[in-house]
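The structure appears below as C-alpha cells.
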Amino acid sequence: MSAHQPSAHRLEARGLTLAYEARTVVEGLDIRGPDGRVTVIVGPNACGKSTLLRALGRLLKPVRGAVLLDGEELARIPTKRIAQRLGLLPQSPTAPEGISVADLVSRGRQPHQSWWQQWSPEDETAVSEALERTSTAELAQGTDILLLDEPTTYLDIAHQVEVLDLVRRLNVERGRTVVAVLHDLNQAARYADHLVAMRDGRVVAQGAPGEVVTAELVREVFGLDSVVVPDPVTGTPLVVPGAPWASTTATAAVDA
Amino acid sequence: MVGSTGEAPYAAVAGGLVAGLLVYALAWRRGLHAQRFVLIGIGISVALSSLTSVFLTKGDGFQAQAAKVWMTGSLNGSGYEQAGRLAWVLLAAVPVALWAARAQRSISFDGATAVGLGLRLDRIRLGMALLGIVLASCAAGAAGPVDFVALMAPQIALRLARSAQVPLFCSALTGALVVVLADLIARRLLAPTELPVGVVAGTVGAPYLMWLLIRSRRGGF
C-alpha cells in the first residue's frame with residue numbers, strides 16, 4: 001500500500017480483496033464505518049459480509065488493499081493496540097464453562113492490562129457497567145469501535161431487541177462507532193444510521209435506510225419480491241415479502 | 001535406545017522436539033486448526049510407535065527387554081540424581097508455565113475472540129506447545145512415558161478446584177500425587193514383585209477421573 005491520504009474516518013477499507021485459499025470472496029471493495037454511527041451490513045448468505053467484518057477485525061488478512069484504523073494500516077499496528085480501540089464480537093463466541101461474570105469481564109479488560117498491573121479503577125467501572133447490562137468480555141473491553149457479527153443469532157425476539165437497544169445506547173450515550181452484520185433487513189433498517197447492502201462480494205447500495213431500502217433493492221440483492229411500507233412504530237422501511245406459496249387450486253378458489 | 005540411562009533425557013527432549021515440530025509443520029495451513037492438529041498428532045504418534053515396534057523386534061534382545069521396562073514407565077532405581085536433573089529443567093520451565101497459565105485465561109475463548117482481545121494467538125500456541133514438549137520429554141526421559149498422567153491430572157485438578165480453567169499448581173500436585181500413589185501400589189500390591197508404575201497409574205487415575213465426570217454431570221456444579 002502506497003502513501004494514502006489522511007482519512008476522515010476512524011475505520012475504513014480501501015480496495016479490499018479478500019479470499020479463502022483460491023476462492024475470492026470480496027474484490028476491490030471500499031467501505032467506511034462513519035464515526036459515531038451505527039453501520040449495518042446486509043446481504044444474502046455467502047455475499048461476503050461476515051468475511052468483510054473479519055477483515056475489518058484483522059481476523060483475515062486482505063489479499064490486496066488495506067483496512068485503515070485512524071489512518072494507519074491494521075497490519076502495521078500491534079494487535080494489543082488495536083484491541084484497545086476496536087472490539088470484536090464473533091458470530092458464535094464461546095466462553096469457558098462455569099466462568100463467573102466478573103472473571104469474564106476481567107478477561108475482556110486484558111488489552112488494558114499489563115503483567116505488572118492487572119487491575120485498575122477503570123476495570124472496576126467496566127465490571128459494574130457490564131454487570132448491569134448484558135455482560136460480555138467484548139463490552140468490558142470498552143473500545144470506541146465495535147464490530148458485531150450477527151449479534152442476534154440464536155436469540156428470541158425479546159433478547160434480539162434487548163441486544164440491539166444496547167448497541168443503540170452504547171452508540172448514543174458513549175459515542176461508540178458500530179459496524180454490524182445483521183440478517184434481518186427490518187432490524188437493520190430500524191437500528192442503522194448507515195446501511196450497506198452487499199451481493200456477490202460487492203456493495204450494491206449504501207446510505208440512510210430510508211433512502212436505500214426499496215422493493216427494487218430487495219429484488220436486486222435478495223432476488224425476492226416484496227412490498228416496502230413505513231414501519232408503523234419507527235417510520236423506517238419495513239420489508240413485507242410477497243404472498244406465500246399456495247397451490248394453484250387454492251389460488252383459483254380465492255380468485256373465484 | 002536406552003543404552004545408557006544418562007543419555008535418555010537428552011534423547012527424549014530431542015526426539016520430542018522433532019516429533020512435535022513435525023506435527024506443527026504438517027498441521028500448519030495459513031494458521032493452526034485444532035482438529036487438524038490433533039488428527040495429524042495421532043497419525044505421527046501411530047507411525048512412530050510402529051517404528052518403535054520395528055526396533056523392538058529387530059533389535060538386540062537384551063536391550064529390547066530393558067527398553068520395554070522403560071517404555072511402560074518405571075521409577076525403579078530412580079534417585080536424587082534424576083531428581084536433580086529435573087529440578088534444573090523446572091527452574092527454567094516454571095516461569096514459562098506461569099506465563100502459560102495467564103495466557104490460558106484468554107485463549108480458552110474461541111480463536112476470533114482471543115484475537116479480538118489483542119492476543120498473538122499463533123505465538124502463544126507455539127510457546128505452549130514447546131513448553132509441553134520440553135516438560136513431557138524430560139519426564140519421559142526420567143521415568144519413561146507414564147501414560148495418561150498429563151491428560152488426567154489437570155482434569156482431576158479442574159474438578160477438585162471447581163475453577164473455570166486448569167489450575168497450574170493444583171494440576172502439578174495432582175500429577176505428582178497420582179504418580180507417587182501409583183508407584184506405592186505398584187511396589188506393594190504383588191510384593192515382592194515390583195510392577196512398573198506406568199501399569200498402575202492409568203488403572204488408579206482413570207476410574208477416579210471417570211467418577212468425577214459422572215458426578216459432575218449428575219450434580220451439575
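Please treat every number below as a calculation from the coordinates, not as lab data. Since the structure is predicted, the reported quantities are computational estimates derived from the model, not experimental observations. Positions of Cβ are backbone-derived with ideal geometry, glycine not excepted, and every protein chain shown enters the neighbour counts.
Which of B:ARG159, B:ARG125 has the fewest other C-beta atoms within 10 Å, and how do the rest follow up to the most?
Details: B:ARG159 17, B:ARG125 20.
Least to most surrounded, the residues fall as B:ARG159, B:ARG125.
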Quote the FRET efficiency, to the nearest 0.05, computed for B:LEU189 versus B:LEU26 with a Förster distance R0 of 51 Å and r equal to the Cβ-Cβ distance.
-> 0.75
Bins of 10 Å from zero: percent of alpha-carbon pairs in the range A:147-256 = 12, 38, 32, 12, 5, 1
Gain on full stretching of the segment that runs from A:ARG64 to A:ASP231 - 0.36 nm per residue minus C-alpha separation | 56.1 nm
Please name which of A:LEU74, B:ALA161, A:ILE145 has its Cα lying farthest along the dipole of the protein assembly as shown towards the positive end, using unit charges on Cβ (Lys, Arg +1; Asp, Glu -1) and the Cα centre as origin.
-> B:ALA161
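How shielded is A:75-88 by partner chains, expressed as the average number of their Cβ atoms within 10 Å of its Cβ atoms? Write down the numbers at each step before the final one.
Values: counts 0, 0, 0, 2, 8, 4, 1, 3, 5, 1, 1, 2, 4, 6.
Partner Cβ neighbours, averaged per residue: 3.
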Magnitude of the charge dipole, the protein assembly as shown, Cβ model with Lys/Arg +1 and Asp/Glu -1, debye to 20 = 1320 debye
In nm, spacing of pseudo-spin labels at A:GLU72 and B:ILE42 (7 Å Cα→C-beta vector) = 4.5 nm
Give me the angle, in degrees from 0 to 90, between the Cα long axis of helix B:168-188 and the longest principal axis of the Cα atoms of chain B, rounded to the nearest 10.
-> 20 degrees
Within 10 Å of the Cβ of an average residue in B:106-112, the count of other chain Cβ atoms is 6
The simple spin-label model distance between B:TYR10 and B:THR52, using points 7 Å out along Cα→Cβ, in nm, is 2.2 nm
Distant-in-sequence amide H partners of A:VAL181 (H built 1.01 Å from N, under 5 Å) | A:ILE41, A:LEU148, A:ASP149, A:GLU150
Calculated log₁₀ intensity ratio I(q)/I(0) where the Debye formula runs over C-alpha points of the protein assembly as shown, q = 0.09, 0.13, 0.14 Å⁻¹ = -0.78, -1.21, -1.33
Reachable lysines from A:LYS49, criterion Cα separation under 21 angstrom, eight or more residues apart if same chain = A:LYS61
Mean projected area, convex hull of alpha-carbon positions in chain B, reported to one decimal in nm², is 14.0 nm²
Excluding residues fewer than 8 places away in the same chain, name every one of the lysines whose C-alpha is closer than 24 Å to that of B:LYS58.
-> B:LYS68
